[in-house]
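Step one of this worksheet: look at the structure below.
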Amino acid sequence: MRLWLVAAVAVAVVAAVVVLLLFFSRPSGPPVSYVAVEAPYVFLLPRGGVYELGYYDTQGNWHGLGTYNASSTALKNAVSTIEQFNQRYTGTTLPQPYGTQFQPLAYVVVIGNTTGTVKIPIEGNTILLDRVNPGDWTILVTDPKDVNKLMYALDTGYKESAYANPMSSIWISQYPGSIFYEIKSLQSYNNEFVGSYVIVMNNNTLIPWGYEAGNGYSLLFVQQKEGNFYS
């Protein structure tokens, strides 16, 4: 009888252990999948608390791939910095030679690499930015009316990416000089952001931009600006 009881207890213990192992080994959430996009860059546009994932094709057509949440401590901190900066200076007037009202800066997330195919990790309805190589993505800041131009130029081609020479006349122009000034002010507010840089479109339109320098160091247009001065 005692042997029978011991055997029964042993079986019960083993069964309990197996059940616990099965319970704790179950997936805690939906599986991670990857969206592969054949484009130089893919973008996350803020849309009221979520992000529209999309890109421009070689013909200049925008392709929206749906809206998602984004999981990233770096993104959360960067967005908080941008919003606080905008709130602090909204309603103020820029110094001369600009003399214009402060224009709140806009931002967009850019993801890319040199392979021509960008893979986005997604779990459920959340983009897992923390699983993307930090060198392959960053947060760009620019004038709100230039966000689409910037995305378009990066995906379809541009003349050059460069540092805007502060001795150049473009720095004292109403535009893009005022945005260069604001991005530099953001850098002074929080040195995680740097600027001011310029993308020269194929039609010679200038697009001022800055970025969160803790990420994006492997992106081609970020590398191209190094040692390249636009006057």
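Derivation of every value follows stated rules applied to the coordinates shown; laboratory data play no part. The shown structure was predicted, so the numbers you read here are calculated from the model rather than taken from an experiment. Virtual Cβ from ideal backbone geometry, glycine too; neighbours counted across all protein chains shown.
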- prompt: Considering only DSSP beta bridges whose two residues both sit in the chain, what percent are antiparallel, to the nearest 5?
  reply: 90
field: For the stretch 168-189 and the stretch 192-231, distance of Cα centres in Å
entry: 14
message: Only counting other Cβ atoms within 10 Å, I'd like Lys145, Lys119 sorted with the fewest neighbours first.
response: Lys145, Lys119
query: Among Arg47, Arg131, what is the fewest-to-most ranking by other Cβ atoms within 10 Å?
result: Arg47, Arg131
field: Whichever lysines have a C-alpha closer than 29 Å to that of Lys159, once near sequence neighbours (fewer than 8 apart) are set aside
entry: Lys119, Lys145, Lys149, Lys184, Lys225
Gained length - Val200 relative to Ser80, 0.36 nm times residue gap less alpha-carbon distance: 40.3 nm
message: Let's test the formula: R0 of 22 Å, r as the Cβ-Cβ distance of Asn228 and Ser173. What FRET efficiency results, to the nearest 0.05?
response: 0.65
message: Within a 10 angstrom radius of the beta carbon, how do Met201, Met151 rank from fewest other beta carbons to most?
response: Met201, Met151
- request: Report Rg/Rh for the chain, rounded to two decimals, where Rg is the Cα radius of gyration and Rh the Kirkwood radius.
  value: 1.22
field: Built amide H within the under 5 Å cut-off of Phe193, gap 5+
entry: Ala213
- request: Sum -39500 (n - 2.57) across every DSSP H segment of at least 4 residues in the chain, then divide by the residue count to get the 222 nm mean residue ellipticity, nearest 500.
  value: -9500 deg cm²/dmol
